[in-house]
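Okay, so here's the structure we're looking at.
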Amino acid sequence: MIENQKIRPAQVIGPLGEPLTLDTLPPPATTRWVVRRKAEVVAAVNGGLLTVDEVCERYRLTLEEFAGWQRAVDRSGMPGLRVTRIQHYKSLYERQQKY
């Protein structure tokens with residue numbers, strides 16, 4: 001293993017531009033996942049604060065569920081995480097891929 005893979009940042013920049021640390025992430029017992037909380041968890045993984053496995057264990061998520069959040073952020077940003085808009089953004093993305 002490469003040594004620098006063990007080094008983690010103390011904080012990363014969150015989806016709203018604020019610093020995120022392990023203490024400022026949503027609590028492990030979170031059950032209500034609003035857009036901001038999902039985006040913070042995705043930002044923590046993307047920034048190296050936590051690994052995907054750690055997030056899935058900490059928040060009791062499946063790998064598929066977290067991967068869906070990541071895809072939504074990559075494709076549509078924070079609005080893509082809204083449960084009420086998932087179908088809209090999915091069809092929009094599929095149409096964009098055709099052209």
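The values are calculated or read from the model by the stated rules, or taken from the named source; none is laboratory data. Every value quoted in this text rests on a predicted model; they were computed, and no experiment measured them. Cβ atoms come from the backbone with ideal geometry, glycine included; neighbour counts cover every protein chain shown. Surface areas here come from the heavy atoms of the whole protein model, side chains and all, with no ligands, DNA or RNA. Shrake-Rupley method; radii C 1.70, N 1.55, O 1.52, S 1.80 Å.
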Output the number of the condition that Leu16 fails; it satisfies all remaining conditions of (1) without any contact (Cβ under 8 Å) to a residue 12 or more places away in the chain; (2) open to solvent by 80 Å² or more (accessible area, probe 1.4 Å).
(1)
Name the residue, out of Glu54, Glu40, Glu64, that is among the acidic types (Asp, Glu), more than 9 Å from the chain's Cα centre (by Cα) and under 15 Å from Leu22 (Cβ atoms).
Glu54
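Residue-by-condition table, conditions (1) surrounded by fewer than 18 Cβ atoms within 10 Å (Cβ to Cβ); (2) at pLDDT below 95; (3) among the small types (Gly, Ala, Ser); (4) in contact with a helix residue (DSSP H, G or I) (Cβ under 9 Å, 6 or more places away or on another chain):
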residue	(1), (2), (3), (4)
Val41	no, no, no, yes
Asp53	yes, no, no, yes
Tyr59	no, no, no, yes
Arg71	yes, yes, no, yes
Gly77	yes, yes, yes, yes
Gly80	no, yes, yes, yes
Arg85	yes, yes, no, yes
Ser91	yes, yes, yes, no
Does the range 19-39 hold any residues that are charged (D, E, K, R) and surrounded by 12 or more Cβ atoms within 10 Å (Cβ to Cβ), and which are they?
Arg36, Arg37, Lys38
